[in-house]
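Take a look at the structure set out below.
The values are calculated or read from the model by the stated rules, or taken from the named source; none is laboratory data. Not measured: the values here are computed from a predicted model. Every residue, glycine as well, gets a Cβ built from its backbone with ideal geometry; the counts of neighbours run over all protein chains shown. Note: areas computed on protein heavy atoms with side chains; ligands, DNA, RNA excluded. Shrake-Rupley method; radii C 1.70, N 1.55, O 1.52, S 1.80 Å.
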Amino acid sequence: MAESIKTIGVLTSGGDAPGMNAAIRGVVRTALARGVAVKGIKRGYAGLLAEEIIDMNRNSVSEIIDKGGTILGTARCSEFTTEEGQTKGAEVCKKFGIDGIVVIGGDGSYRGALALSKHGINTIGIPGTIDLDIACTDYTIGFDTAINTAMEAIDKVRDTSSSHERCSIIEVMGRNAGYIALWCGIANGAEDILLPEKYDYNEQTIINNIIQNRKKGKKHHIIINAEGIGHSTSMARRIEAATGIETRATILGYMQRGGSPTCKDRFYASIMGSYAADILCNGGTNRVVAYKGGKVVDFDIDEALAMQKDISEYEYQVSKILSM
Ligand code: ADP
Ligand code: F6P
């Protein structure tokens, strides 16, 4: 262990994601096992600037591994995107004797961590977002729970859609990324899957598809629409007018961010939390933890933020073939 690392902090930032608590637990217990003290920073960077900082011990993270949300709370904090905010954040860390911080969040949160590391505070990021939109990693904490929650909800909408012989547009989250839509689209056997990365905004293709499917005797028509495309309600109105088939929009919304994490989210969040604490305790900084090629690895934050990621063309083509 690097001589200088006596205390580390942990915070959750951006949108909450199921499994964040397991990651916090992994960080706290690993650091304590190495003789390093841990402080919990509440409400992300907002709580850091407001000095909402608590001491954490082994019991602080008892009975949380199965809980959704984040016990530390989270926030979006525009002040932290400014130079003044970042300088103040680093000063608060020094005031509380925090040598390094584990930041659990998405790309935006990583940019905050990068800024802190430039101000002399050791940082490491853990990918926590239901969107799966972090380029350096094949897995992000919360995605697995979110897709399972959405999948179950979509199955239910399909039951009623079939009974009424309706068309259903179901909008899933993901910000500008279509990963939740693609996974649910395939897993739910949707007739159309609209992804921001691929959609050509030609509604006539969808309308033709609905009419063709109805002629073939299909009782329902499920369209999974990604949040990045949005406008599901107006799309439903236009489709109903063009096809004469009753069409309803369901926006799944925040239910996708809540709930008890799946085994996979608990497992990888625990491993990543522990891995991140080890790096910080060893004096590492400006790193992010990732899951790549079946292994937990780490990258420089700058390197990670420069990476690009896109929907797999193969998976997209398969989704189209299977929906026929
Ligand atoms: P996510 O981490 O899920 O991508 P956001 O993009 O909302 O979520 O980012 C979370 C928080 O990270 C922001 O509210 C802000 O406090 C901080 N942040 C985002 N971008 C930057 C940036 N360029 N520099 C410093 N901090 C940032
Ligand atoms: O990043 C997770 C996410 O739920 C996105 O899918 C969505 O676009 C966004 O957060 C919603 O953010 P907010 O909680 O600020 O409404």
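Table for the structure above
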| read-out | value |
| --- | --- |
| Residue match in the stretch 224-235 (condition: part of a strand (DSSP E or B), open to solvent by 50 Å² or more (accessible area, probe 1.4 Å) and not acidic (Asp, Glu)) | no |
| Whichever residue in the stretch 300-324 is under 30 Å from Ile210 (Cβ atoms) and of a type in the set (Gly, Ala, Ser) and, among such residues, is surrounded by the most Cβ atoms within 10 Å (Cβ to Cβ) | Ser319 |
| Residues of the stretch 73-108 satisfying the condition of being open to solvent by less than 10 Å² (accessible area, probe 1.4 Å), within 16 Å of ligand 2 (Cβ to nearest atom) and under 14 Å from Val288 (Cα atoms) | Val103, Ile104, Gly105 |
| Qualifying residue in the stretch 284-299 (condition: within 23 Å of Glu197 (Cβ to Cβ), of a type in the set (Phe, Trp, Tyr), open to solvent by less than 70 Å² (accessible area, probe 1.4 Å) and not in a strand (DSSP E or B)) | no |
| Hits in the stretch 210-223 (condition: part of a loop (DSSP other than H, G, I, E, B) and either open to solvent by 60 Å² or more (accessible area, probe 1.4 Å) or in contact (Cβ under 8 Å) with a residue 40 or more places away in the chain (or both)) | Lys216, Lys218, Lys219, His220 |
| Members of the stretch 1-16 found to be within 18 Å of Ile141 (Cβ to Cβ) and either under 15 Å from the mean Cα position of the chain (by Cα) or in a loop (DSSP other than H, G, I, E, B) (or both), listed by number | Thr12, Ser13, Gly14, Gly15, Asp16 |
| Those residues of the stretch 17-66 which are open to solvent by 10 Å² or more (accessible area, probe 1.4 Å) and in a strand (DSSP E or B), in sequence order | Ala37, Lys39, Ile53, Ile54, Asp55, Met56 |
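Condition check ((1) outside the structural domain of Ile130 (by TED's automatic domain parsing); (2) within 22 Å of the chain's Cα centre (by Cα)) across all residues:
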position: Gly228; (1), (2): yes, yes
position: Glu246; (1), (2): yes, no
position: Gly284; (1), (2): no, no
position: Val289; (1), (2): no, yes
position: Ile311; (1), (2): yes, yes
position: Val318; (1), (2): yes, no
position: Ser323; (1), (2): yes, no
